[in-house]
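The values are calculated or read from the model by the stated rules, or taken from the named source; none is laboratory data. Remember, predicted model here, so these are calculated numbers, not experimental data. Methodologically, a virtual Cβ is constructed for each residue, glycine included, from the backbone with ideal geometry; neighbour enumeration extends over all protein chains shown. All accessible areas refer to the heavy atoms of the entire protein, side chains included, with ligands and DNA or RNA removed. Shrake-Rupley method; radii C 1.70, N 1.55, O 1.52, S 1.80 Å.
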Amino acid sequence: MSALPVILDMDFGIDDSMAALYLARSGRAEIVAVGSVHGNTSSAQAARNARQVLAELGLGSVPVALGRAAPLNQPASYASEVHGDDGIGDMASVSEPPGMLVDESAAEQIVRLARDRPGELTLLATGPLTNVAVALAIEPALGSLLRSVVIMGGAIGVPGNMEAHAEANIRHDPEAADQVFAALENVTLVPLDFTMLCRITQGEIDRIWSAPHTAAADLVRGMLPRYLEFNRRDLGVVGFPLHDPAAAVLALDAGFAECLEAPVVVELTGTATRGMTCVDRRPVASAVSRPTVRIAMRPLRPVVDEFVRVAFEAGSQD
Ligand code: BDR
Ligand code: CA
């Protein structure tokens with residue numbers, strides 16, 4: 001089977017790093033390029049984190065483009081309480097990471113690659129959708145130039161995580177997300193409804209700690225105490241949900257999810273609901289004229305086992 005060429009657009013935090021580790025270790029993905037975006041940390045720090053993780057994966061020649069530093073219509077804010085000040089649980093290297101920071105922006109890189117390789121590339125976006133919205137403004141036909149777009153974000157029928165009704169990636173840039181759902185085709189959305197059902201518990205934590213040592217696995221393992229502590233202290237749970245890694249699993253194999261197909265609208269004006277992802281689930285024809293989004297609602301196969309096995313246990317060389 002040939003490897004799926006993938007562009008990553010990430011606010012390179014702890015679970016974004018886990019998603020990159022999974023894809024790289026799967027042998028089924030070719031990471032073609034990476035773009036950074038604000039969210040878990042600054043876009044500049046996310047680009048450094050990307051280069052550090054890629055270098056440990058032996059992928060130091062993958063181009064990394066700096067993405068948007070701020071949302072379209074609100075100030076930037078970072079999830080330091082979840083991912084640490086550096087976005088990766090205090091594991092960021094003090095020295096400048098190796099690797100390639102390219103001249104073009106993350107949005108320009110997406111558009112250029114999509115135009116160069118029409119119908120071939122999958123875009124995996126696991127941060128706020130600012131770069132994707134900008135790319136769409138540059139190239140309105142972006143959806144038909146990409147093979148598929150997989151987005152981690154939203155909360156359809158479950159509570160939000162950043163706010164009562166809003167998931168973090170969408171809440172960090174509601175306007176960008178709404179523009180993306182209004183116009184981009186070929187989108188699979190992986191919301192909290194799905195990722196909260198993909199929970200790493202004590203058994204998987206034990207498997208991760210006893211898995212073979214490799215440079216990249218050790219780097220990602222080093223990020224986990226911070227993440228585990230946040231989940232234990234603030235959410236009262238042992239372990240953590242697999243947000244971005246679940247989206248990476250679905251990017252490689254859609255058969256892991258049962259999906260709902262519907263247009264998505266993002267609430268932009270509500271004082272209590274800004275950033276809410278709204279889907280009309282009534283048994284009536286949708287009045288919303290937007291592209292249909294495939295929304296992953298329930299795992300059909302064990303996503304958590306797939307992730308732990310591929311990212312940490314299978315093989316031992318990076
Ligand atoms: C999403 O928000 C970020 O903190 C995570 O990296 C993930 O992409 C989960 O809501
Ligand atoms: Ca993320």
With an 8 Å cut-off on Cα pairs and a minimum separation of 6 or more residues, tell me the relative contact order of the chain in percent.
21
How many times 2.2 N^0.38 Å is the alpha carbon radius of gyration of the range 112-177?
1.24
Can you bin the chain into rounded, prolate or oblate? Criterion: square roots of the alpha carbon gyration tensor eigenvalues sorted a ≥ b ≥ c, rounded for a/c under 1.5, prolate for a/b above b/c, oblate for the rest.
rounded
Descending accessible area (1.4 Å probe), largest on the left, turns HIS213, HIS38 into HIS213, HIS38
With label points set 7 Å from each Cα along the Cα-to-Cβ direction at ARG233 and THR292, the distance between them in nm comes to 4.6
With N set to the number of residues, divide the alpha-carbon radius of gyration of the range 32-154 by 2.2 N^0.38 Å and report two decimals.
1.04
Based on alpha-carbon atoms only, what is the radius of gyration of the range 70-134 relative to the globular estimate 2.2 N^0.38 Å?
1.40
Cα point-scatterer Debye curve for the range 22-92, base-10 log of I(q)/I(0) at q = 0.20 Å⁻¹:
-0.85
Taking a temperature of 25 °C and a viscosity of 0.890 mPa s, what whole-number D in µm²/s does Stokes-Einstein yield for the range 215-308 with Rh from Kirkwood over alpha carbon pairs?
150
Looking at LEU242, SER95, ILE138, which one has the Cα that reaches farthest to the positive end of the dipole of the chain (charges on Cβ: Lys, Arg +1; Asp, Glu -1)?
LEU242
Just to confirm, what accessible area per residue do you get for the range 193-318 at 1.4 Å probe, in whole Å²?
46
